[in-house]
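Visitor: Pasting a structure here, questions to come.
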Amino acid sequence: MKNILLIFIVLAAYLGQAQTVDQFSYYERIINDSYGDNAKIYSKGKTLRKFGRNNDLDTDVEEQIWEQGGFEIMATSNSIDTMSSSSGSDTQTVTIEGHYYDADNNLIFSIQTAILTGQTKVTLATPLSRATRVYNTGSTDLVGNVYVYEDGAITAGVPDDAATIHLFATAGNQQSSKAATSTSSTDYWVIVRVKFTVEKTQTSTVDFKVQIREANGVWRSQLFASLAGAQGTYQVDLTNTPIIMKPNSDIRVLGTSSTNNVIGGAEIGGFLAKVL
């Protein structure tokens, strides 16, 4: 028991929250009372943190907080099956995290590796319906940008149709930067912190919005925030009033700015709870 407690104190510290065993029990009680599921944070033993950045937020047009820009068009089947780099020099191994649909349309978590072949298409071993993170696990830096997408026409490794793109990893970051993810059919996500950022050199204000979509549902807004560049960072502490994300659900952060060409970012953090 002491070892388990120590593990979760460390996990909590990683998220910057003063969590206790009683706090985890409280989250589990909320899930049970609200949704009738017996879900355990201890059994899962995993934190989850998703972060993203949009380098070109504009006025009156909402966009997702990810480096690809615009909106991700959510796949309705396991159609995310291809990747490529914008550089012919990239032959590294990358890791792709995401989910695929099973026969009952449940989201099943998947983590796989694949080897880039420059600007030539590579077919993923496990086609996905959700692609949430791609990162370089090779021994050399990426030279180009890496795209994970639904198979279609490409030019120099870049998909011609932006609507087919689901992950975009820049050479500068060596991984994707996407403030969005999904939960599997067996996991709840207890979100205890959301952080927003605006580039300090900019005087603009960005309006942020956190949205969740449950299975077969629509996007519903859960949290709003406005942040000026002079403030830099704004963190929302949800320790005592967590956002509970149900299994088979999607989450994303949107932003719109008071002026054009503004850089904004977001981060979501919390604990996964496994349905027993």
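Visitor: For K46 and D161, what does the FRET efficiency come to when R0 = 25 Å and r is the distance between their Cβ atoms, rounded to the nearest 0.05?
Guide: With R0 = 25 Å, the Cβ-Cβ based efficiency is 0.10.
Visitor: May I pose another question? Per residue, what volume in Å³ does the Cα convex hull of the stretch 80-178 take up?
Guide: 84 Å³
Visitor: Which three semi-axes in whole Å describe the equivalent ellipsoid of the chain, each the square root of 5 times a Cα gyration tensor eigenvalue, listed largest first?
Guide: Sorted largest first and rounded, they come to 30, 24, 18 Å.
Visitor: Further, regarding this structure: Can you figure out the FRET efficiency of T233 with D141, using R₀ = 25 Å and their beta-carbon distance, to the nearest 0.05?
Guide: The pair T233/D141 has a calculated efficiency of 0.35.
Visitor: If you don't mind, there's one more thing I want to ask. What net charge is computed for the residues neighbouring A163, neighbours being all others with C-beta under 11 Å from the C-beta of A163, Lys and Arg scored +1, Asp and Glu -1?
Guide: -4
Visitor: Just grab the label-to-label distance for A215 and T259, each label 7 Å out from Cα along the Cβ direction, in nm (one decimal).
Guide: So the two model labels end up 4.7 nm from each other.
Visitor: Still on this structure, please answer the following. Rounded to whole Å and sorted largest first, what semi-axes of the equivalent ellipsoid does the C-alpha gyration tensor of the stretch 175-276 yield via the square root of 5 times each eigenvalue?
Guide: Ellipsoid half-lengths, sorted descending, are 27, 14, 11 Å.
Read-outs: derived from the displayed coordinates by stated rules, not from any lab. Small disclaimer: the values here were computed from a predicted structure and weren't measured. Glycine also receives a Cβ, built like all others from the backbone with ideal geometry; neighbour counts cover every protein chain displayed.
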